[in-house]
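A.B. asks: This structure is in structure tokens; I'll ask about it shortly.
Readers should treat all values here as calculations from the given coordinates under stated rules, not as data from a laboratory. Just so it is clear, the model here is predicted, and its values are computed rather than measured. Methodologically, a virtual Cβ is constructed for each residue, glycine included, from the backbone with ideal geometry; neighbour enumeration extends over all protein chains shown.
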């Protein structure tokens, strides 16, 4: 008998911004562009996961400042629930120009982001398109909304 329970994973997407630009990476394997993103690990909050993903994928430390939104991404075996986090590069921190996952990492304009949404050059659009549209519209919510959310399993 099928279960009525939702098989869900929790993910985070990080929108590191400066002067109306977004820090994005071009993936080595597909040449598509995307923001740092990944699964929230056991014992992590979405804010902690955002900081870890930005460091792993962009080599930079961030200062999260706003919650972008939560987006539901259907999958064959259930769903992913993606938390969007807006952040700045932490003062004094730098980002790497490339890494093992990204061919290059660059600041991209709002116009470039709009182009990606229609051109097919967006990495994993099922995860990133809704978040990017919310970013372009200026959506932001207080970060404190996420402070009590933590993946419930102990480390």
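A.B. asks: Just from the alpha-carbon atoms, what are the Rg and Dmax of region 8-146 in angstroms?
C.D. replies: 13.8, 43
A.B. asks: Could you state the angle between the C-alpha long axis of helix 125-136 and the longest principal axis of the C-alpha atoms of the chain, as a value from 0 to 90 degrees rounded to the nearest 10?
C.D. replies: 60 degrees
A.B. asks: Would you mind getting me the FRET efficiency between residue 4 and residue 76? Use the beta-carbon distance for r and R0 = 22 Å, nearest 0.05. List each step's numbers first, then the result.
C.D. replies: Details: r = 17 Å, r/R0 = 0.78.
According to the calculation, E is roughly 0.80.
A.B. asks: Which residue fluctuates most in the GNM of the chain (Cα springs below 10 Å): 70, 118, 11?
C.D. replies: 118
A.B. asks: If you fit an axis through the alpha-carbon atoms of helix 46-58 and take the longest principal axis of the Cα set of the chain, what angle between them do you get, 0 to 90°, nearest 10?
C.D. replies: Its long axis makes an angle of about 40 degrees.
A.B. asks: If I take R0 = 25 Å and measure r between the Cβ atoms of residue 110 and residue 61 in this structure, what FRET efficiency does the formula 1/(1 + (r/R0)^6) give, to the nearest 0.05?
C.D. replies: Numbers: r = 24 Å, r/R0 = 0.97.
The formula returns an efficiency of 0.55 here.
A.B. asks: Can I ask one more? Could you tell me how many degrees, from 0 to 90 and to the nearest 10, lie between the Cα long axis of helix 110-119 and the main elongation axis, the longest principal axis, of the Cα atoms of the chain?
C.D. replies: That helix lies at roughly 60 degrees to the long axis.
A.B. asks: Now for a different question. Using just the helices of the chain, give the 222 nm mean residue ellipticity in deg cm²/dmol: DSSP H runs with n ≥ 4 each add -39,500 (n - 2.57), and the total is spread over all residues, rounded to 500. Don't skip to the end; give the middle numbers.
C.D. replies: Values: 3 runs with 35 residues, N = 155.
Helix contribution divided over all residues of the chain: -7000 deg cm²/dmol.
A.B. asks: Only bridges whose two residues both fall in the chain count here: according to DSSP, what percent of them are antiparallel, nearest 5? Working shown, then result.
C.D. replies: On the way: 27 of 37 bridges.
Around 75 percent of the beta bridges assigned by DSSP in the chain are antiparallel ones.
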